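The values are calculated or read from the model by the stated rules, or taken from the named source; none is laboratory data. A quick note: this is a predicted structure, and the numbers were derived from the prediction, not measured. Cβ placement follows ideal geometry from the backbone for every residue including glycine, while neighbour counts extend to all protein chains displayed. Side chains included, ligands, DNA and RNA excluded: accessible areas come from the protein's heavy atoms. Shrake-Rupley method; radii C 1.70, N 1.55, O 1.52, S 1.80 Å.
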Protein chains: 2
Amino acid sequence: MSDLDTALPWLDALKWDEHGMIPAIAQDAASGRVLMFAWMNRESLEMTIQSGNAVYWSRSRRRLWRKGEESGHFQRIKSVRADCDGDVLLLSIEQVGGIACHTGRESCFFLELQGERWVPADPVVKDPKDIYAK
Amino acid sequence: MSDLDTALPWLDALKWDEHGMIPAIAQDAASGRVLMFAWMNRESLEMTIQSGNAVYWSRSRRRLWRKGEESGHFQRIKSVRADCDGDVLLLSIEQVGGIACHTGRESCFFLELQGERWVPADPVVKDPKDIYAK
């Protein structure tokens, strides 16, 4: 892969995949924890920058996904970085509510490989039933 | 996406994409910095666990890529986590040499969006000519 060309308009400088997507990693600006991983298309990235809150593309629901729209757990953007070849984004965010995962945990990365098993290694902060209550 | 089934054998519990790949994020265990993003197939993940050093699948070179094989900048595995739905890995690593990026920087995520431009925001630790010297 060639390096990102900083002379290009910022959206064109990124390398969108064959589906028009780019992976985005959300990292907590305060704790440094990696909270989640999701995908963006151009529209969701533009909305993210304009609104100051993370907007992803939900591949399962095939629609724009304003993170927090159901849970209230919005992600306020502190800064956005790209990697050397411009095909991955790193979002430094403030996680509203301190919960990024739909399981009610701080981070989606709560399963630790221990021997030959994946073990939940982080506590549930809030019961999902109380997050997604109708 | 359904949640990772912790009852399954660990490799089968992961959700490999249509190319047999899973994304992997490498995070510095000491500083918390996100250093790079790459892809793994089953073989590279097994080699990673067995050897204790990160092995990726290079999509551009279409071969196993033992990180550090040319630069000496190996990544010693401290722990491996998966996310809630088992389709992304987070590697906590010790970055040998303190440099993960081929540009000679600590992290591949050195380009910060400032206004409408991507701006290199981190120093070059070591000239790539001195890293990849023949």
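For B:73-79, what's the mean count of beta carbons from other chains sitting within 10 Å of each residue's beta carbon?
Going residue by residue through B:73-79 and averaging, the value is 1.
Around B:Val55, under 10 Å between beta carbons, what's the net of Lys plus Arg minus Asp minus Glu among the other residues?
Taking every Cβ under 10 Å from that of B:Val55, the sum is -1.
Compute the angle between helix B:42-51 and the longest alpha-carbon principal axis of chain B, please, reported from 0 to 90 degrees and rounded to the nearest 10.
70
As a check on your grasp of the helix formula, calculate [θ] at 222 nm for chain B: sum -39500 (n - 2.57) over DSSP H runs of n ≥ 4, divide by the residue count, round to the nearest 500.
Value at 222 nm, helices only: -3000 deg cm²/dmol.
In whole Hz and in residue order, list the ³J(HN,Hα) couplings for segment B:28-39 that follow from phi through the Karplus curve 6.51 cos²θ - 1.76 cosθ + 1.60, θ = phi - 60°; x for Gly and Pro.
Karplus-based 3J(HN,Hα) across segment B:28-39 equals 5, 5, 8, 8, x, 5, 7, 9, 6, 9, 8, 10 Hz.
Axis carrying B onto A: which residue of B has the nearest Cβ, and how far, whole Å?
Residue with the nearest Cβ, plus whole-Å distance, for chain B: B:Gly32, 2.
Share of segment A:71-113's accessible area from carbon and sulfur, percent, 1.4 Å?
44
Over 30 Å between C-alpha atoms is what I'm after, so list which of B:Lys15/B:Lys129; A:Lys15/A:Lys126; A:Lys15/B:Lys67 land there.
B:Lys15/B:Lys129; A:Lys15/A:Lys126
Going 7 Å from Cα along the Cα-Cβ axis for the label, what nanometre distances separate B:Ala133 from the same residue across the other copies?
6.6
Can you pull out the trypsin sites (Lys or Arg not before Pro) in segment B:9-74 whose DSSP state is coil and whose Cβ has at most 10 other Cβ atoms within 10 Å?
B:Arg61, B:Arg62
Where in segment A:58-134 are there GluC sites (Glu not before Pro) that are in a DSSP coil and have at most 16 other Cβ atoms within 10 angstrom of their Cβ?
A:Glu69, A:Glu70, A:Glu116
Going by a ≥ b ≥ c, the root eigenvalues of the Cα gyration tensor, does the protein assembly as shown fall in the rounded group (a/c under 1.5), the prolate group (a/b larger than b/c) or the oblate group?
Oblate, because a/c is 1.5 or more while a/b does not exceed b/c.
Distances from B:His19 to the same position in the other copies: list them in nm, one decimal, shortest first, using label points 7 Å from Cα along Cα→Cβ.
1.2
Considering only protein heavy atoms, what is the solvent-accessible area of A:Cys84 at a probe of 1.4 Å, reported in Å² to the nearest 10?
10
How well do other chains shield peptide B:110-123, expressed as the mean number of their Cβ atoms within 10 Å of each residue Cβ?
Partner-chain Cβ atoms within 10 Å, mean over residues of B:110-123: 5.
Work through the residues other than B:Trp16 whose Cβ is under 11 Å from its Cβ and net out their charges, Lys, Arg +1 and Asp, Glu -1.
Net of charged neighbours comes to -2.
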